[in-house]
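Notes follow the structure.
Just so it is clear, none of the values below were taken in a lab; they were calculated from the coordinates. Model, not experiment: these values are computed from the prediction. Backbone-built Cβ (ideal geometry, glycine too); neighbour counts: all protein chains shown.
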Number of protein chains: 2
Amino acid sequence: MAYRETEKMRERKARARQNIIDRTWECVAQGGFRSARITRIAGLAGVATGTIYRHFESREDLFAEIFRLATQREVDKVAEALSVSGNAVERLDNALRKFAQRALKGPMKAWALIAEPVDPKVEEERLVYRKAYASLFEQAIRDGIAEGCIPDQNARLASTCLVGAISESLVGPLSPTQTDSPQGHDNNEDELVETIVCFCIRGLTGTRS
Amino acid sequence: MAYRETEKMRERKARARQNIIDRTWECVAQGGFRSARITRIAGLAGVATGTIYRHFESREDLFAEIFRLATQREVDKVAEALSVSGNAVERLDNALRKFAQRALKGPMKAWALIAEPVDPKVEEERLVYRKAYASLFEQAIRDGIAEGCIPDQNARLASTCLVGAISESLVGPLSPTQTDSPQGHDNNEDELVETIVCFCIRGLTGTRS
DNA sequence: ACAAAGAATGAACAGTGATTCACTACTTGT
DNA sequence: ACAAGTAGTGAATCACTGTTCATTCTTTGT
């Protein structure tokens, strides 16, 4: 007998796999899942199309993995932003702002993760993470209700409103993204974030900022 | 010579065209534009696929027309709901409620009109109507600011938040639509509408309902 | 009844893009 | 060096759909 899988090989394969993942995410960040062609991904990764299928069962499986990795990052960021000190409203304000800023920095990424129609396997992943988001915001809203800084309400529905208002306002009109000022900060974007976060906090608390 | 287009023929053609439009909207209402196949539409309409192309330049053109007709109906409804008597907040409350209820009654329709990714010609139509919606809500918000019942704010952005919060909350989670109780009114739906409209009004006015 | 013109048909075509698989190239232990 | 096993290749295949167009069917005026 001969050829046993060695450590060196395992590593090389892992690197190849990671490379495919990275290139795929690049494509998705540019035009969403739907327009990410296997041939293009393979081209960017510098491998043959068939090679993709040695690392992933199918396009859908590849996408599901990409989705899982990317969304977990986002959920972690929101969780982190929610864990600062302060009362519930301050923490929510912080998290919403972080959410909005990140979505605005990569609108196509955000759209792909939040709203783009995707295949069943990917949609399944999305449901998992939708719940993760909902749980985070919900818990904070509940905290706020307990603290008395947020009026009593259906926390689950309210958290959906939050995500909805933000994602649609920032990501929905992808057309305004035409005005791409690649370098540095944009004043309009700051105002946008401010307005939206303000709207959300008022919608939650029923008080002027 | 012989055969001149007669009134009877004109009418028959118009009826055929209308029939195609109706069947197409049926398909769209069921699965969105993307999944509305020409073959399926033709089948439902009881004509050959080629016949579709005697009435419309292309699939895209057919969809653009469907979109125009359907959205105009919705815009008219919102305008109507905004024209009741009362102060700006009351009128907005009425319009948002109507908007939400209609979206909830036909979630797939609403999604297709508001958020589904569509071909360029249809997207062009969508931009027109996005402006129509924005103008309606914006004007009402401006009225409210003038009347003093809504605090000063960027009316355009605020109107985007309104549409975003509603459409995402109602239409975004198309999965929860699993619980389809075909007959009569649903209590959950009423609560959903109530929560969302309340959230929006508070987001706008900064006061508890 | 007939000819002219339009309407309807639907099988064939064409573009797209995921997936396969026979083959080549490489890695490994003896 | 060799055999056994794995990774990589990419042209061919397959599936899916919008669109075309040669042909057939209807309508109309004489």
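Can you put A:Val47, A:Val193 in order, fewest other beta carbons within 10 Å first?
A:Val47, A:Val193
I need A:Ile196, B:Ile52, A:Ile20, B:Ile38 ordered by Cβ neighbour count within 10 Å, fewest first.
Result, fewest neighbours first: B:Ile38, B:Ile52, A:Ile20, A:Ile196.
Of the residues A:Glu80, A:Glu57, A:Glu168, which exhibits the maximal mean-square fluctuation in a Gaussian network model of chain A defined by a 10 Å Cα contact cut-off?
A:Glu57
Considering only A:Tyr3, A:Val75, A:Cys198, whose Cα is most displaced toward the positive end of the charge dipole of chain A, charges sitting on Cβ of Lys, Arg (+1) and Asp, Glu (-1)?
Result: A:Tyr3.
Wrap a convex hull around the Cα atoms of chain B, take a quarter of its surface area, and give that in square nanometres.
15.0 nm²
Considering just Cα atoms, how many Å³ per residue does the convex hull of the protein assembly as shown enclose?
233 Å³
Ranking B:Cys161, A:Cys27 by Cβ neighbours within 10 Å, fewest first, what do you get?
The most exposed by this proxy come first: A:Cys27, B:Cys161.
Using alpha carbons only, how many degrees (0 to 90, rounded to 10) separate the axis of helix A:155-171 from the longest principal axis of chain A?
Computed tilt is about 70 degrees.
Would you count, across chain B, every pair of lysines whose alpha carbons are under 21 angstrom apart, provided the pair is eight or more residues apart or spans two chains?
Close lysine pairs found across chain B: 9.
Between B:Cys149 and B:Arg17, how many nm apart are label points set 7 Å from Cα along the C-beta direction?
It is 4.4 nm.
Work out the mean other chain Cβ neighbour count within 10 Å for the residues of A:194-202 and drop it here as an integer.
6
Apply the Debye scattering formula to region B:1-108, with a single equal point scatterer on each alpha-carbon and no solvent, then give log10 I(q)/I(0) at q = 0.13, 0.19, 0.23 Å⁻¹.
-0.63, -0.95, -1.17
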